[in-house]
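Input: a single structure, listed below in structure tokens.
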Amino acid sequence: MSSYVESVLAPGERVIHRAALSHWNFFLSYFLGVLFLALGGAALFVPRDNRYWIAAALAAIGLLILMVTAIRRATTELVLTDRRIIAKRGFISRDTVEMNLGKVESLHVNQGLLGRMLDYGDVTVVGTGSSLEPLRGIAGPLELRRKLGEMAGAAPKGA
């Protein structure tokens, strides 16, 4: 199964940069998933008759949390092509936004102290007449801004 972006590329359009959600954005979900798995393993050592059911339920909750987190991360795409920026979120219900590079006025990057240390942040693309919703927890947001700057510098003048 190919990605959404691959299916909407125009003939001759090429991908310049792919951004992904940072794993740090999902730290709490990862922590809770592993915690439930560990509690499920610990429940096996509790001297009760129904310990296997409790262990299975806790492990299932942990696996469900980890699976939902992995799907959320994998189904979010932010791609810069030589013609536009494409943002897509969702698996069952899909939310997509595309903006031509000629309409992009600026790209805002918001990073707190932890985001700067771990190289993730929120990215907002501002365009003429509209702007994309902030994309939260993007890994390497300054690289995306640099690539967008390169594309803006390479655009023909007066076009």
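The values are calculated or read from the model by the stated rules, or taken from the named source; none is laboratory data. Note that the structure is predicted; figures quoted are calculated from it, not measured. Backbone-built Cβ (ideal geometry, glycine too); neighbour counts: all protein chains shown.
Checked against (1) at pLDDT 90 or above; (2) more than 28 Å from Leu148 (Cα to Cα); (3) surrounded by 13 or more Cβ atoms within 10 Å (Cβ to Cβ), Arg51 passes all but a single condition, namely (1).
Exactly one residue out of Arg116, Arg146, Arg84 is more than 15 Å from the chain's Cα centre (by Cα) and crowded, with 18+ Cβ neighbours inside 10 Å: that is Arg84. Identify, from the list Leu118, Leu78, Leu142, Leu135, the residue that is closer than 30 Å to Leu39 by Cα and either touching a strand residue (DSSP E or B) at 6+ places or on another chain (Cβ under 6 Å) or not assigned by TED's automatic domain parsing to the domain that holds Gly33 (or both). The unique qualifying residue is Leu118. Gly90 falls short on exactly one of the conditions (1) within 15 Å of the chain's Cα centre (by Cα); (2) at negative phi, and that condition is (2). Total residues in region 1-21 satisfying the condition of being of a type in the set (A, V, I, L, M, F, W, C), surrounded by 11 or more Cβ atoms within 10 Å (Cβ to Cβ) and over 13 Å from Ile85 (Cα atoms): the figure is 2.
Filtering Thr75, Thr69, Thr81 for residues that are in contact with an Asp or Glu (Cβ under 9 Å, 6 or more places away or on another chain) and polar (S, T, N, Q) leaves a single hit, Thr81. For region 101-121, the set of residues classified as assigned to a strand (DSSP E or B) and closer than 15 Å to Val79 by Cα consists of Val104, Leu107, listed by residue number. Residues of region 57-81 that are more than 27 Å from Phe31 (Cα to Cα) and either within 16 Å of the chain's Cα centre (by Cα) or among the aliphatic types (A, V, I, L, M) (or both): Val79, Leu80.
Would you mind stating whether His17 is in contact (Cβ under 8 Å) with a residue 40 or more places away in the chain and of a type outside the set (A, V, I, L, M, F, W, C)? Yes. So, Ala60, is that one without any contact (Cβ under 8 Å) to a residue 60 or more places away in the chain and either more than 30 Å from Ser106 (Cβ to Cβ) or surrounded by fewer than 17 Cβ atoms within 10 Å (Cβ to Cβ) (or both) or not? Spelling it out, Ala60 is indeed without any contact (Cβ under 8 Å) to a residue 60 or more places away in the chain and either more than 30 Å from Ser106 (Cβ to Cβ) or surrounded by fewer than 17 Cβ atoms within 10 Å (Cβ to Cβ) (or both). Which residue is farthest from Pro141 (Cα to Cα), if the candidates are limited to region 65-90 and must be touching a residue at least 24 places away in the same chain (Cβ under 8 Å) and in a helix (DSSP H, G or I)? For region 65-90, the residue satisfying everything is Ile65. If Phe26 meets every condition in (1) of a type in the set (Phe, Trp, Tyr); (2) closer than 26 Å to Asp122 by Cα; (3) not in a helix (DSSP H, G or I) apart from one, which number is that one? Condition not satisfied by Phe26: (3).
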